[in-house]
Amino acid sequence: MFTRMRLKGIVFAAAAAGLAAACSSEPKVVAEANPAANFAAYRTYNWVPTDHEPPEGLRFQGTQDWRVRSAVEGELGSRSLVKAASPGLLVDYGVSFDRETTKTFGDYARYVNEGGRGGLADAYVLGYEQVTVILHLYDARTGELVWRASATAMVDGDDNGERTRRAIHEMIAQLPRG
């Protein structure tokens with residue numbers, strides 16, 4: 001009996017370790033573009049004034065806001081878009097937070113797959129926080145939304161902005177090229 005129980009425990013631990021190793025910690029990214037938008041015409045961008053409401057949720061403050069804006073500017077620059085006083089695109093972002101718990105092993109696998117680093121017991125009992133960053137690009141002349149993307153990941157302590165940079169990189173990678 002002890003050997004059978006021990007063997008089941010070893011098999012379960014090996015399966016959990018294999019699942020965790022197979023899972024990616026990349027953020028879940030969803031993006032969509034306005035099919036009528038001519039992305040080849042856009043060469044410049046600037047930020048929507050901060051006194052406007054964010055597209056969803058709220059905006060970060062302080063260092064976290066700087067991290068988001070720096071990452072977006074770096075990624076847009078890598079796409080040959082230049083920040084300008086008279087832009088073709090206006091950029092805005094928002095963040096939303098959701099408190100989640102795992103109820104099944106499948107929920108825990110999804111949590112790990114989306115970047116969660118807590119143990120099974122903590123994720124089940126205490127839960128975890130999930131953050132979604134939403135990025136919008138508007139045509140500066142018409143105000144029309146031309147592209148939006150969101151990236152969802154777990155919040156597990158401070159990683160010095162690495163997850164933020166990775167999420168924004170993955171979002172901007174979905175931006176149509178002109």
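The values are calculated or read from the model by the stated rules, or taken from the named source; none is laboratory data. Fair warning: this is a prediction, and the values are worked out from it, not measured in the lab. Backbone-built Cβ (ideal geometry, glycine too); neighbour counts: all protein chains shown.
For segment 110-148, filtered to residues that are farther than 24 Å from L175 by Cα and among the aromatic types (F, W, Y), the residue that is surrounded by the most Cβ atoms within 10 Å (Cβ to Cβ) is Y111. Screening G116 on (1) on the phi < 0 side of the Ramachandran plot; (2) touching a residue at least 60 places away in the same chain (Cβ under 8 Å) shows it passes everything except condition (2). Looking only at segment 71-94, residues that are without any contact (Cβ under 8 Å) to a residue 40 or more places away in the chain and not small (G, A, S) come to 4 in all.
This table checks each residue for (1) in a helix (DSSP H, G or I); (2) more than 21 Å from D51 (Cβ to Cβ).
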residue: D98; (1), (2): no, yes
residue: R117; (1), (2): no, yes
residue: D122; (1), (2): yes, yes
residue: I134; (1), (2): no, no
residue: R141; (1), (2): no, no
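Here A153 passes the criteria (1) loosely packed, with under 14 Cβ neighbours inside 10 Å; (2) in a strand (DSSP E or B) except the one numbered (1). Scanning segment 74-96 for residues that are charged (D, E, K, R) and either part of a loop (DSSP other than H, G, I, E, B) or farther than 20 Å from D51 by Cβ (or both) returns E75, R79.
So, of the residues in segment 100-111 that are in a helix (DSSP H, G or I) and touching a strand residue (DSSP E or B) at 6+ places or on another chain (Cβ under 9 Å), which turns out to be nearest to V131 (Cα to Cα)? Per the criteria, the residue is Y111. Looking across segment 133-174, just one residue is under 12 Å from the mean Cα position of the chain (by Cα), among the acidic types (D, E) and modelled with pLDDT under 90, and that is E162. Could you identify the single residue in V68, V48 that is touching a residue at least 60 places away in the same chain (Cβ under 8 Å), under 19 Å from the mean Cα position of the chain (by Cα) and within 14 Å of H136 (Cα to Cα)? Exactly one residue qualifies, and that residue is V68.
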